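Okay, structure first, notes after.
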Amino acid sequence: MAFDDISDALAAIRNGECVVVVDDEQRENEGDLICAAQFATPEAINFMATEARGLICLAMEGQRLDELDLPLMVDRNTDANETAFTVSIDAGIEHGVTTGISAEDRAATIQVALNPATRPAELRRPGHIFPLRARPGGVLKRAGHTEAAVDLAQLAGLSPSGVICEIQNSDGSMARLPELRSYADRWGLKLISIADLIRYRLENERFVRRMAQAKMPSRFGTFQAVGYRNELDGSEHVALIKGEPNALREPVLVRMHSECLTGDAFGSLRCDCRPQLEAALRQIEAEGEGVVVYLRQEGRGIGLINKLKAYSLQEAGLDTVEANERLGFPADLRNYGVGAQILSDLGIHRLRLLTNNPRKIAGLGGYGLQVEERVPLVMDPGAHNADYLAAKREKLGHLFESESPCVVLALAVNVGPESWPTIRHEVEGIAQRHGFSLEALHEPRLLALWDRPQFVWKLVTDGVDAAPLLKSLAGLAATERVGLMRVPSERMALHPPQTLERVEHQLKELINLGSDGLVENGPSLLHWTRS
């Protein structure tokens, strides 16, 4: 789908025209008609009412809404996208507004609300214009139409407020792409996406500043720790980088990890945060390149104290989602705009994301980053976190691997860490040519099976014979050892039974290996060495 350039849309906004703005398909997946509020004439309002057919709203900055004494419509916002409606308004009769519903009345109400001289008493409540409170930081903090309207007006050099209206088809259904492209073309309007607006701001503005950098040896390996400060709220974040910062080969292996003091530092067994963090660091170390972005978003964004309150509610029988909601919070308050800016600062735009959370994929995609692969983090449930993991799967949509037969491929090489990214790309290419796909794994018990090889992958076979692939790997000059394991499930692969004995072979035997059902027969644990 072809979108128009943001610069062209800004020119249209500056000229008093409307533009069509589309959000992410994982969010509302809708298009809104948006114009700068200062150009909201009766004709523009009538066009929105008759040709867009949605709810006409006024997006404004919080400071102006506070000056007008317009509180949020509800104390507890249960909208899926946390759209921040205030109480609705009409301008007073002293401004010539009568019923408030006509296009002329609604345009007048908007202009009265924009006027810096207007006082709260000049606005009647409720009314027919619905103000929306934009998040500070705009689309970099929330990828919504409210923030897009304010950003577009501000970037166009106008008053930071916009009028928005959802676009419906003539039958009352929501207009989606490609219908919105046809709609924009029919009316001669620019069509842009919020993702492109985010990308435009990320390319032209910086709210996250790099403050410090130091080498950090750890039990997982040596990383570069780069500290960042978010100038919007003063929060501090860190990126742990394996490899040369600003020179990482894309797509980069990335873990976007939200702070969990209780798990990461204290070893709480209520969650799987620490095992995920450690697995990510080990896997990045094994691959020789990658980044862990550590975001200060304790308790999925609700903070430490509220997280402890949620723990108390969980002890009373609620699950992790129900506890958050009982405290008045959405299930997940996290925002990935800061993480996206950190990756952008590091020159990363294409990534392989270590996650089980599809919301992270959609969230980062909304900030102009391309997630080319989801690399699963497979954790073993324990007695204290089984219910927590079940709630994440059933209510938050987290993706956990199914219990199907699992084949694991291990590779040890005789070259240094600087060559490991090249080796990984070469092996993945060889596997693809032989009809396989590889999913990186990293688990200490797996590594111990083959004396700590540099690479371990889950081999997605789809019934293809593994022998040709193994022959190709044996022929690589850098290959020192190759391992292959087949077990009934991925859980067993991560926790191999002690009865599974390793069968040793010479690497040269792979050259003459026939199609002997290596993958089909099992369980098995095979190992080939060069000498």
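Mean separation of Cα pairs under 8 Å and 6 or more residues apart, divided by the residue count, gives region 5-162 a relative contact order of 31 percent. Against the chain, whose longest principal axis is taken from its Cα atoms, helix 386-395 shows a tilt of about 50°. Rounded to the nearest 10 degrees, the inclination of helix 145-155 to the longest alpha-carbon principal axis of the chain is 70 degrees. Structure note, pairs Lys141/Lys360; Lys215/Lys458; Lys242/Lys508: Cα-Cα distances above 22 angstrom occur for Lys215/Lys458; Lys242/Lys508. Pairs of Cα atoms nearer than 8 Å and 6+ residues apart set the relative contact order; for the chain it is 12 percent. By the helix-only formula, in which each DSSP H run with n ≥ 4 contributes -39500 (n - 2.57) and the sum is divided by residues, the chain has a 222 nm mean residue ellipticity of -8500 deg cm²/dmol.
Other residues within the sphere of radius under 14 Å centred on the Cβ of Gln224, judged by their own Cβ, net out at -1 (K and R +1, D and E -1). Using label points projected 7 Å from each Cα along Cα→Cβ, tell me how many nm separate His349 and Thr529, to one decimal. The modelled label-to-label distance comes out at 4.7 nm. Between Ala477 and Glu372, the simple label model (points 7 Å from Cα in the Cβ direction) yields a spacing of 2.5 nm. Counting every other Cβ atom within 10 Å of each residue's Cβ, Cys273, Cys406 order from fewest to most as Cys273, Cys406. Packing around the peptides 287-299, 447-459, taken as the average count of other Cβ atoms within 10 Å per residue, puts them in this order, highest first: 287-299, 447-459. Can you classify the chain as rounded, prolate or oblate using the Cα gyration tensor, where a ≥ b ≥ c are the square roots of its eigenvalues, rounded means a/c under 1.5, and otherwise it's prolate if a/b beats b/c and oblate if not? Cα axes put the chain in the prolate bin. With respect to the chain, whose longest principal axis is taken over its alpha-carbon atoms, helix 103-114 is tilted by about 70°. Look at Thr83, Thr109 and count the other Cβ atoms within 10 Å of each Cβ; fewest to most, that gives Thr83, Thr109.
Beta bridges assigned by DSSP with both partners in the chain are antiparallel in approximately 70 percent of cases. On the basis of the beta-carbon distance and an R0 of 51 Å, Glu179 and Gln213 show a calculated FRET efficiency of 0.60. Counting other Cβ atoms within 10 Å as a rough exposure proxy, the listed residues Thr78, Thr146 run Thr78, Thr146 from fewest neighbours to most.
Relative contact order, whole percent, for region 406-488 stands at 53, derived from Cα pairs under 8 Å and 6 or more residues apart.
Annotation: for a label point projected 7 angstrom from Cα along Cα→Cβ of Ala117, residues of region 76-98 with backbone N closer than 15 Å are 94-96.
For Tyr311 and Ala11, the difference between the fully extended length at 0.36 nm per residue and the C-alpha to C-alpha distance is 102.9 nm.
Since every read-out is calculated from the coordinates, none of them should be taken as a lab result. The structure displayed is predicted, hence computed values, not measured ones. Don't worry about glycine lacking a Cβ; one is built from the backbone with ideal geometry, like all the others, and counts go over all protein chains shown.
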